């Protein structure tokens, strides 16, 4: 057959494309379960991190029980410490038809407020209660996300965990560093009059050592104003949806 | 017909006198982007090596059947298929690293080294030679990546493989990590310095006036 004829060219292209399509389809199908597991594992470790159970603590725990820290063990710890999770509606009531863990934040925040469900994970470690809320927003270049854990008073921050897709290394990407995340511990999201304030990343902060835990401010990162603003807005925007729910908890306490 | 290649030369040449980055000056963009830390650089180097070797092999196997008019598209298809495979495998078995490499695995498709070797070598040589040529060029690319990443991670973050190597006492004495090293501009300068050092060691690499 003439290798420069149109028919040969088209046939050749068709065969090559079919072979590669079949190959990729099979590969994706075979690898999917492992990829999903990785994502779930990351989600669980991130959530546990915010309440002080970081990877080191978990591996120590696992080692003490003679186990290796793998997916199964992580899942077991997660289910042990987070016995309850809710998908909230805007008014703070619980939607029982949705499982909070299965909510994909990236897709969820695109829905209208009425249609959105707001996931919250209730943790219980040695009798201490924690509320962990997933965050999702925009940084400078791309999406940023994270988790924030509140103590039983639904006001004091226990810990945070941030992630980003493409912030500048050394600048905006510092939000995932320990020194930055540690600043949030102890901050309050409500002021003394019970109105919601969130937490602001501030550059004009007169409290760079972050000793004042009542000012609703932590130190922003120099050189990454827009990432810092993104984090502030993300915390503000996400947490305000939970205010009705927090208020219920806070009223029960008082 | 193709001339005979010595196998050891196929591997050895790209490491030094025909290095894809420092001599052919291909694949610079990814060399700048993922050399902030050593670990992603090594995984990237391995990924490129695998893609390069197997795309060379496959194209060389079908080189006598590819219609000339669509050969670039066929090459792209083979490379893209391999890259997606590598990306999916990394996502399944090396999740943390694949997150750090993010889009750059996908961008192996546009890495000039891959297309360059396919056009320049695989289309005219036997499968085994082409495969070795891919391994060699992948190794040459990886070597430079690792050198640059080593320098950048050490000076930029004070770590190697994310382990602190510059002792705390240095920091106490006033030493500061050079954040400039983390930016792509310094990667380019580092690559430039590597090229400079290599050319002064091997004067035959310098172009004649």
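The values are calculated or read from the model by the stated rules, or taken from the named source; none is laboratory data. This one's a predicted model, so the numbers in the text were calculated from it and none came from an experiment. Here Cβ is always computed from backbone atoms with ideal geometry, including for glycine, and neighbour counts include all displayed protein chains.
The conditions of being on the phi < 0 side of the Ramachandran plot and either free of Cβ contacts under 8 Å to residues at least 40 places away in the same chain or surrounded by 15 or more Cβ atoms within 10 Å (Cβ to Cβ) (or both) are not met by residue A:91. Please indicate, with yes or no, whether at least one residue in the range B:167-185 is touching a residue at least 40 places away in the same chain (Cβ under 8 Å), in a loop (DSSP other than H, G, I, E, B) and more than 14 Å from chain A (Cβ to nearest Cβ). Scanning the range B:167-185 turns up no residue that is touching a residue at least 40 places away in the same chain (Cβ under 8 Å), in a loop (DSSP other than H, G, I, E, B) and more than 14 Å from chain A (Cβ to nearest Cβ). Would you confirm whether or not the range A:171-190 contains a residue that is surrounded by 13 or more Cβ atoms within 10 Å (Cβ to Cβ), farther than 25 Å from residue A:52 by Cβ and within 14 Å of another protein chain (Cβ to nearest Cβ)? Within the range A:171-190 (the criterion being surrounded by 13 or more Cβ atoms within 10 Å (Cβ to Cβ), farther than 25 Å from residue A:52 by Cβ and within 14 Å of another protein chain (Cβ to nearest Cβ)), the answer is yes, since at least one residue qualifies. Only residues that are surrounded by 14 or more Cβ atoms within 10 Å (Cβ to Cβ) and farther than 15 Å from residue A:172 by Cβ were counted in the range B:177-187, giving 5.
Given the condition within 9 Å of chain B (Cβ to nearest Cβ) and surrounded by fewer than 15 Cβ atoms within 10 Å (Cβ to Cβ), answer yes or no: does some residue in the range A:38-48 qualify?
Going through the range A:38-48, the residues within 9 Å of chain B (Cβ to nearest Cβ) turn out to be A:38-39, A:41-42.
Okay, now just the ones that are also surrounded by fewer than 15 Cβ atoms within 10 Å (Cβ to Cβ), so A:39.
Yes.
Here the condition is being more than 12 Å from every other protein chain (Cβ to nearest Cβ), touching a residue at least 24 places away in the same chain (Cβ under 8 Å), in a helix (DSSP H, G or I) and closer than 21 Å to residue A:30 by Cα; of B:105, B:86, it holds for B:105 alone. When residue A:30 is tested against (1) exposed (fewer than 11 other Cβ atoms within 10 Å of the Cβ); (2) over 30 Å from residue A:243 (Cα atoms), just one condition goes unmet, and that condition is (1). Residues that are over 22 Å from residue B:33 (Cβ atoms) and within 14 Å of another protein chain (Cβ to nearest Cβ) within the range B:134-166 comprise just one, B:164.
Hey, among B:59, B:21, which residue is within 14 Å of chain A (Cβ to nearest Cβ) and in contact (Cβ under 8 Å) with a residue 40 or more places away in the chain? Before you say what the answer is, go through the steps one by one.
On the way: B:21 fails: within 14 Å of chain A (Cβ to nearest Cβ).
Being within 14 Å of chain A (Cβ to nearest Cβ) and in contact (Cβ under 8 Å) with a residue 40 or more places away in the chain holds for just one of B:59, B:21, which is B:59.
Would you mind stating whether residue B:45 is in contact (Cβ under 8 Å) with a residue 60 or more places away in the chain, more than 10 Å from every other protein chain (Cβ to nearest Cβ) and over 20 Å from residue B:125 (Cβ atoms)? Yes: the conditions hold for residue B:45. Quick check on my filter: what residues within the range A:1-20 are surrounded by fewer than 13 Cβ atoms within 10 Å (Cβ to Cβ), farther than 18 Å from residue B:59 by Cβ and either touching a helix residue (DSSP H, G or I) at 6+ places or on another chain (Cβ under 7 Å) or at the interface with chain B (Cβ under 10 Å from one of its Cβ atoms) (or both)? If the condition is that a residue be surrounded by fewer than 13 Cβ atoms within 10 Å (Cβ to Cβ), farther than 18 Å from residue B:59 by Cβ and either touching a helix residue (DSSP H, G or I) at 6+ places or on another chain (Cβ under 7 Å) or at the interface with chain B (Cβ under 10 Å from one of its Cβ atoms) (or both), then A:1, A:2, A:4, A:5, A:6, A:10 are the ones that fit. Do the conditions hold for residue A:246, that is, is it in contact (Cβ under 8 Å) with a residue 40 or more places away in the chain, crowded, with 22+ Cβ neighbours inside 10 Å and not in a loop (DSSP other than H, G, I, E, B)? Yes: the conditions hold for residue A:246. Could you tell me whether the range B:150-157 includes any residue that is modelled with pLDDT under 90, buried (at least 17 other Cβ atoms within 10 Å of the Cβ) and not in a helix (DSSP H, G or I)? No, there is no match, as no residue in the range B:150-157 is modelled with pLDDT under 90, buried (at least 17 other Cβ atoms within 10 Å of the Cβ) and not in a helix (DSSP H, G or I).
Criterion applied to B:80, B:92, B:139 was being over 20 Å from residue A:14 (Cα atoms), in a helix (DSSP H, G or I) and touching a residue at least 12 places away in the same chain (Cβ under 8 Å), and the one residue passing it is B:139.
The conditions of being within 14 Å of chain B (Cβ to nearest Cβ) and either modelled with pLDDT of 85 or more or more than 17 Å from residue A:235 (Cα to Cα) (or both) are not met by residue A:211. Residues that are under 18 Å from the mean Cα position of the chain (by Cα), more than 11 Å from chain B (Cβ to nearest Cβ) and not in a helix (DSSP H, G or I) occur in the range A:53-75; there is at least one. The set of residues in the range B:10-39 that are over 18 Å from residue B:113 (Cβ atoms) and either within 12 Å of the chain's Cα centre (by Cα) or part of a helix (DSSP H, G or I) (or both) comprises B:38, B:39.
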